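First the structure, in the form of structure tokens, and then the observations on it.
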Amino acid sequence: MIDPKLLRSDLAAVAQNLARRGVALDVAAFTALEERRKHWQIETDRLRAARNAAAKKVGVAKAGGQDAAELIAAGDALTGAVAQADQELSSAQRELDAWQLELPNLLHESVPDGADASANVELRRWGRLPAFEFKPQDHVQVGERLGLEFESAARISGARFAVMRGELAHLHRALAQFMLDLHTRTHGYTEAYVPYLVARAALIGTGQLPKFEEDLFALKGDPGLYLIPTAEVSLTNLVREQILPADNLPLKLVAHTPSFRSEAGSHGKDTRGMIRQHQFDKVELVQIVRPADSYAAH
């Protein structure tokens, strides 16, 4: 989510940045929503001040032995007006938040302009593509001889799942263990075991909701939990709604979890084998750093 303070202080710069990725910012819509929010914020503050002043007058009247009935009635009316204004303010804020959550992220200055991946620029290559004197087999052909099964998974769960047995299952587990050991023992990360089910607010915090809800698996009924699409969601939300002392940064976290993705928008794309699976394992790295240090950390 784009910082609301930036939208209020430099809307033109935000619009210019989003235009680089082919997104036209609806400035008029934001202005109207923000003006509505400001109006009800000011009105709520005014009514609260008036209610507080009325309450003091009631106290003074009672202390002086005067009839305070009219003052009490006026105070009750102000209390009702405050409640109504609070509702209007909350409604305006929810609508503004929903609008802002639909905005894409701002582009870093190093990112080339363009509406999609076709504008990507190749910066460098590493290594050389191998040349074979035979026709190489893909991971499906190799894996099926080693314990990789798609038919078994399809009987259990349907398409886009896989079963691994024997040495292949062992390799799968060992790779995750190797990566955890590498990052905790060599690169200074702290391993974390985190929930695989998260609340809606956690996914809003990391940007999956509301824009990418179709790519998530949700549980029916209360309390409305979702399966994580990546451990990044759980790891990032470990510091949600907290103010961290700068001296405690950076926080370097690593977790191994399954990831669950519906891949709703990828029908027919790269579906052979273990590509675009509904369930897969991943070792995720997350660093919590000062904003000024984030690009270097990335």
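May I ask you to list pairs of residues, at least six apart or on different chains, whose Cβ atoms are under 7 Å apart, with the first in region 99-120 being without any contact (Cβ under 8 Å) to a residue 60 or more places away in the chain and farther than 26 Å from residue 293 by Cβ and the second being in a loop (DSSP other than H, G, I, E, B) and not small (Gly, Ala, Ser)?
Within 7 Å, the pairs are 119/112; 119/113.
For residue 208, all conditions in the list (1) assigned to a loop (DSSP other than H, G, I, E, B); (2) more than 19 Å from residue 100 (Cα to Cα); (3) without any contact (Cβ under 8 Å) to a residue 40 or more places away in the chain hold save one; what is the number of the exception?
(2)
Can you tell which of 91, 152 is at pLDDT 90 or above and in contact with a strand residue (DSSP E or B) (Cβ under 6 Å, 6 or more places away or on another chain)?
After applying the criteria, what remains is 152.
In the set 238, 219, 251, which member is modelled with pLDDT of 95 or more and farther than 18 Å from residue 180 by Cα?
Matching residue, one of 238, 219, 251: 238.
Matching residues to (1) under 30 Å from residue 201 (Cα atoms); (2) open to solvent by less than 50 Å² (accessible area, probe 1.4 Å); (3) over 27 Å from the mean Cα position of the chain (by Cα):
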position	(1), (2), (3)
54	no, yes, yes
57	no, no, yes
70	no, no, yes
80	no, yes, yes
94	yes, no, no
102	yes, no, no
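Consider region 163-183. How many of its residues are under 28 Å from the mean Cα position of the chain (by Cα) and either farther than 21 Å from residue 231 by Cβ or open to solvent by less than 40 Å² (accessible area, probe 1.4 Å) (or both)?
3
Tally time: how many residues in region 28-49 are under 24 Å from the mean Cα position of the chain (by Cα) and exposed (fewer than 13 other Cβ atoms within 10 Å of the Cβ)?
Number of matching residues: 1.
Condition first: of a type in the set (Gly, Ala, Ser) and not in a loop (DSSP other than H, G, I, E, B). Now tell me which residues in region 185-205 satisfy that.
Within region 185-205, 201, 202, 205 qualify.
Looking at (1) in contact with a helix residue (DSSP H, G or I) (Cβ under 6 Å, 6 or more places away or on another chain); (2) part of a loop (DSSP other than H, G, I, E, B), which one does residue 104 not meet, given that it meets all the others?
Every condition holds for residue 104 apart from (1).
Condition check: assigned to a helix (DSSP H, G or I) and open to solvent by 60 Å² or more (accessible area, probe 1.4 Å). Does residue 76 satisfy that?
yes
What residue, of 269, 282, 252, is within 29 Å of residue 149 (Cα to Cα) and in contact with a strand residue (DSSP E or B) (Cβ under 8 Å, 6 or more places away or on another chain)?
The match here is 282.
Suppose we keep only residues that are in contact with a Lys or Arg (Cβ under 8 Å, 6 or more places away or on another chain) and of a type in the set (A, V, I, L, M, F, W, C) within region 229-248. Which one would you say is nearest to residue 291 (Cα to Cα)?
Residue satisfying both the conditions and the ranking: 246.
Confirm whether residue 38 is modelled with pLDDT of 95 or more and part of a helix (DSSP H, G or I).
The answer is yes for residue 38.
The values are calculated or read from the model by the stated rules, or taken from the named source; none is laboratory data. This structure is a prediction, so every number in the text was calculated from the model and none was measured. Every residue, glycine among them, receives a Cβ derived from its backbone with ideal geometry; neighbour counts consider all protein chains shown. These accessible areas exclude ligands, DNA and RNA; they are computed on the full protein's heavy atoms, side chains included. Shrake-Rupley method; radii C 1.70, N 1.55, O 1.52, S 1.80 Å.
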